Amino acid sequence: MTDPILEARGLAKTYSSGGVDVLALRGVDVALAPGEFVAVMGPSGCGKSTLLSLLGGMGRPTAGEVLLAGVRVDQLSETRLALLRRRSIGYVFQFFNLVPTLTVAENVELPVLLAGGSRGQARARREELLALVGIERRDAASPAQLSGGEQQRVAIARALAHRPAVLLADEPTGNLDSASARQVVDVLRHGRGEGQALLLVTHDARVAAAADRVLTMRDGLMVDETRVTPPREVPSLLELEV
Ligand code: ADP
């Protein structure tokens, strides 16, 4: 099998809140191949968002390891972790999280500029991505002027802008009607042929049915795995320097 692009081994996370320890993750192993689409399901509170945030370098595990293209990343300094996120990880949230004071165009261009791209590169990439997600002639709008489905498509364009090797999506269709949800899943899957891996948390069985594998969590553990499609060989998008 292809080497994983993203892997977690024995991942554990305990939150201390008001003197009480919450065991959000209790030893999770997961591996994502380049180009693979994996859905994570499970009841509310079972640790799905925690898993995604640790895989995306947005939090530190209490125990265990996170490897990106075979390189351990959970112990990097904040600065190197931030650089790695800007270069290799795209994140899509349930509530879009677009910057409200920036226009649609500026929201999508920002990751390209943060990754060191020129203004011209940022503009070209923004035009390409907004066309891909079907949001055209709204460049100057502010996010609040768009519908929920449109905002989510802009958020995906933003997450794809720096061509991340891994796309992490936390309930990206949770707030959308089924037609918008279908469009959003199609756009999220777009980069797979080029090696972009997608890990998506969802409550929606129709969304999960579009995945290659479905993982089920309960009480901070992986309890089930269902393969929907056979494994494929696709190239990795990542040339990693950390
Ligand atoms: P899910 O995404 O499956 O709903 P989460 O990862 O959000 O689950 O939460 C797992 C557990 O960790 C829950 O019991 C939740 O209340 C707790 N939790 C999540 N984030 C925090 C936090 N920042 N501080 C304290 N407890 C948290």
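Restricting to the range 9-39, and then to whatever is of a type in the set (A, V, I, L, M, F, W, C) and in contact with a Gly (Cβ under 8 Å, 6 or more places away or on another chain), can you tell me which residue is surrounded by the fewest Cβ atoms within 10 Å (Cβ to Cβ)? So, considering only residues that are of a type in the set (A, V, I, L, M, F, W, C) and in contact with a Gly (Cβ under 8 Å, 6 or more places away or on another chain), the one surrounded by the fewest Cβ atoms within 10 Å (Cβ to Cβ) is L23.
Return a yes/no flag: does the range 94-104 have any residue that is of a type in the set (F, W, Y), modelled with pLDDT of 95 or more and either within 16 Å of the ligand (Cβ to nearest atom) or surrounded by fewer than 18 Cβ atoms within 10 Å (Cβ to Cβ) (or both). Among the residues of the range 94-104, not one is of a type in the set (F, W, Y), modelled with pLDDT of 95 or more and either within 16 Å of the ligand (Cβ to nearest atom) or surrounded by fewer than 18 Cβ atoms within 10 Å (Cβ to Cβ) (or both), which makes the answer no. Restricting attention to the range 153-173, the residues being within 16 Å of the ligand (Cβ to nearest atom), touching a Leu at 6+ places or on another chain (Cβ under 7 Å) and charged (D, E, K, R) number 1.
Results for (1) more than 16 Å from the ligand (Cβ to nearest atom); (2) at pLDDT 95 or above, shown as yes or no for each residue.
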site: G42; (1), (2): no, yes
site: G59; (1), (2): no, no
site: V71; (1), (2): yes, no
site: L84; (1), (2): yes, no
site: Q121; (1), (2): yes, yes
site: L132; (1), (2): yes, no
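Given the criteria of a type in the set (K, R), more than 16 Å from A165 (Cβ to Cβ) and surrounded by fewer than 17 Cβ atoms within 10 Å (Cβ to Cβ), does R126 qualify? The answer is no for R126. If you go through the range 9-26 and keep only what is touching a residue at least 40 places away in the same chain (Cβ under 8 Å) and either in contact with a Phe, Trp or Tyr (Cβ under 8 Å, 6 or more places away or on another chain) or of a type outside the set (D, E, K, R) (or both), you end up with G10, L11, A12, T14, L23, A24, L25.
Here is a yes/no grid of residues against (1) among the aromatic types (F, W, Y); (2) away from the ligand (no atom under 11 Å from the Cβ); (3) outside any loop (DSSP other than H, G, I, E, B):
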residue: R26; (1), (2), (3): no, no, yes
residue: P34; (1), (2), (3): no, yes, no
residue: V38; (1), (2), (3): no, yes, yes
residue: V66; (1), (2), (3): no, yes, yes
residue: T79; (1), (2), (3): no, yes, yes
residue: G90; (1), (2), (3): no, yes, yes
residue: N107; (1), (2), (3): no, yes, yes
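State whether one or more residues within the range 94-111 are more than 17 Å from G56 (Cβ to Cβ), of a type in the set (D, E) and in contact with a helix residue (DSSP H, G or I) (Cβ under 7 Å, 6 or more places away or on another chain). Among the residues of the range 94-111, at least one is more than 17 Å from G56 (Cβ to Cβ), of a type in the set (D, E) and in contact with a helix residue (DSSP H, G or I) (Cβ under 7 Å, 6 or more places away or on another chain), which makes the answer yes.
Scanning the range 189-208 for residues that are within 24 Å of C46 (Cα to Cα), more than 16 Å from the ligand (Cβ to nearest atom) and under 14 Å from the mean Cα position of the chain (by Cα) turns up A197, L198.
Results for (1) touching a residue at least 40 places away in the same chain (Cβ under 8 Å); (2) aromatic (F, W, Y), shown as yes or no for each residue.
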residue: G70; (1), (2): yes, no
residue: R85; (1), (2): no, no
residue: G90; (1), (2): yes, no
residue: F95; (1), (2): yes, yes
residue: V99; (1), (2): yes, no
residue: N107; (1), (2): yes, no
residue: L110; (1), (2): yes, no
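Checking each residue in the range 40-56 for being part of a loop (DSSP other than H, G, I, E, B), surrounded by fewer than 22 Cβ atoms within 10 Å (Cβ to Cβ) and on the phi < 0 side of the Ramachandran plot picks out P43, S44, C46.
Residue count for the range 70-118, restricted to those that are polar (S, T, N, Q) and under 16 Å from the mean Cα position of the chain (by Cα): 3.
The values are calculated or read from the model by the stated rules, or taken from the named source; none is laboratory data. What you see is a predicted model; the values in this text were computed from it and never measured. In this analysis, Cβ positions are derived from the backbone assuming ideal geometry, glycine residues included, and neighbour counts consider all displayed protein chains.
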